[in-house]
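Contents: one structure, followed by commentary.
FYI, it's all coordinate maths here, none of it is from the lab. Since the model is a prediction, treat every value here as computed from it, not as a measurement. Neighbour counts are summed over all protein chains in view; Cβ atoms, including those assigned to glycine, are modelled from backbone coordinates with ideal geometry.
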Number of protein chains: 2
Amino acid sequence: MNTAEETAGGETSAWGEVTPDAARRLLVAAVEAFAERGYHATTTRDIAGRAGMSPAALYIHYKTKEELLHRISRIGHEKAVEILRVAAAGEGSAAERLADAVSSFVRWHAGGRTTARVVQYELDSLGPDARAEILALRRQCDAEVRGIIEDGVAAGEFDVLDVQGTTLAVLSLCIDVARWFNVKGPRTPEEVGALYADLVLRMVGAK
Amino acid sequence: MNTAEETAGGETSAWGEVTPDAARRLLVAAVEAFAERGYHATTTRDIAGRAGMSPAALYIHYKTKEELLHRISRIGHEKAVEILRVAAAGEGSAAERLADAVSSFVRWHAGGRTTARVVQYELDSLGPDARAEILALRRQCDAEVRGIIEDGVAAGEFDVLDVQGTTLAVLSLCIDVARWFNVKGPRTPEEVGALYADLVLRMVGAK
DNA sequence: GCCGAAGGTGAGCGGGCGCTTAGCGTGGCC
DNA sequence: GGCCACGCTAAGCGCCCGCTCACCTTCGGC
């Protein structure tokens, strides 16, 4: 089982490889602002201010406000695909791999809710080209989960009537965690991950 | 089982009781615009234009753009509560009532996706007072579903470890339909409703 | 010590935003 | 027929948006 690295150190660890430093600070500021208020309600002055810079500094590192969203979205989706791919390619039965995929995916959405919210809910604010690129990454997410479920069905481990529909529902359940999860609420990301892994195993009729 | 009235006649039937006529046309125009582009990306000129009126006409019927969102949100949430209350108060076993609640709630989110999208995803664009009012209606939704699940557990029909967590997951699953459902996609609202009712019965371990 | 590149700032442009106001056409009432 | 309340429009106000530009440091290389 993967560790909950995303929850440690305040969510910014995922952006470590973004350089230079000023560009990273702007990106982190944009993630926070977009998550709190939404893309269209966030101003470039707000982003620059959070990063401790003047409004004009933003345009040294990014061509437009939309480019910021695009970069955030791509990095986030690549992380999501990686989480699911690692779980899908792991050892163990289909049930164990599905439980691992769901629990780690849910932990990412709950623990890194700020990032996940932007990644999952601001897709429509991208232009056509950028959106098409991101949608390809989302299809990869779907394929990883569907692969595990197909394995389970083929091995006689799962009892599923509609594989594609069930895949959609599993991903939907995980993604929506980013909408309702509250850091100050009664549940930790680990608890929600464990609960959801159990619920998903029931959904696929795991023996 | 309730009929899928929402899908008939092009989604606007739910606004029939809004008067006068011009106010209703503006409300319907606002729902479409908010669903397509989001609250903050929608301009009052856009709403008025869709309703075939000048920008100033909007302010004869509504004090602000936010009041439009508030009215849409309240009417939509009242409809959601009603759907769940009817299902919860119906006759039959807990499993039958839960399946009815899920399938009709999902049909509403899928068939009336335009409305549901605004209702479920633009909550944060409301001011504090309006949001508090709407959150009270959402707690009623939670209470209706939790009630059915508690009944099923008490009757020995269901096998649920975490009633509140499972309730949250069931509602989350239904609500997220408004995000991904595509009218031009391969599934009808009825098919998704039936699939989801089955999945939810598995989640609660219905006998 | 001088220079150019890199990274930053303050001021501000053009434009579109939410919303207001003065005035116009029209239908119901006496 | 006169009148006014109502629903609506044309014009536009003040503001803030995304973004640009002229200029200012700082610093490594020689």
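What to note about this one:
- The stretch A:13-62 shape via C-alpha gyration tensor axes, a/c threshold 1.5: oblate
- For B:LYS184, the distances from its label point to the matching points in the remaining copies are 4.3 nm, ordered from shortest, with each point set 7 Å beyond Cα toward Cβ.
- Nitroxide proxy distance, nm - points 7 Å out along Cα→Cβ at B:ALA143 and B:ALA155: 2.1 nm
- Sequence ranges B:37-47, B:193-203, A:102-112, A:17-27, ranked by mean other-Cβ count within 10 angstrom, highest first: A:102-112, B:193-203, B:37-47, A:17-27
- FRET efficiency for A:GLU17 and B:THR19, using Cβ-Cβ distance with R0 set to 51 Å, rounded to 0.05: 0.30
- Test item: Cα-centred dipole of chain A, Lys/Arg +1 and Asp/Glu -1 on Cβ, debye: 760 debye
- Environment charge at B:GLY38 (Cβ cut-off 13 Å; Lys +1, Arg +1, Asp -1, Glu -1): -2
- Annotation for B:ARG37, label-to-label distances across the other copies: 2.0 nm (shortest first, one decimal, point 7 Å from Cα along Cα→Cβ).
- Cα shape, the protein assembly as shown, gyration tensor, a/c 1.5 rule: oblate
- The mean count of C-beta atoms from other chains within 10 Å of the C-beta of residues in A:166-175, rounded to a whole number, is 5.
- Candidate aspartates and glutamates - alpha carbon under 17 Å from A:LYS65, same-chain residues fewer than 8 apart omitted: A:GLU32, A:GLU36, A:ASP46, A:GLU122, A:ASP124, A:ASP129
- Relative contact order (%) - the stretch A:95-207, alpha-carbon pairs under 8 angstrom, separation at least six: 52 percent
- Under 20 Å of direct C-alpha separation, and excluding same-chain neighbours fewer than eight residues apart, A:LYS207 reaches these lysines: B:LYS207.
- Chain A: relative contact order as a whole-number percent, Cα under 8 Å and 6+ apart: 26 percent
- What you get for the protein assembly as shown, charging only the Cβ of Lys and Arg (+1) and of Asp and Glu (-1), is a dipole of about 1400 debye around the Cα centre.
- The shape of the stretch B:101-202 comes out oblate: with a ≥ b ≥ c from the C-alpha gyration tensor, a/c is at least 1.5 while a/b does not beat b/c.
- Partners of A:LYS63 within straight-line reach, counting lysines whose Cα lies under 28 Å from its Cα and excluding those fewer than 8 residues away in the same chain: A:LYS79.
- Environment charge of B:GLU144, counting only residues whose C-beta is closer than 12 Å and scoring Lys/Arg +1, Asp/Glu -1: 0
- Vicinal HN-Hα couplings computed from phi for the stretch A:28-44 (Karplus, 6.51 cos²θ - 1.76 cosθ + 1.60; Hz; Gly/Pro x): 5, 4, 5, 4, 4, 5, 4, 5, 6, 10, x, 4, 6, 8, 8, 9, 5
- Peptide A:194-202, shielding by other chains (average Cβ, 10 Å cutoff): 5
- Helix axis angle, B:94-111 relative to chain B longest principal axis, alpha carbon, degrees: 20 degrees
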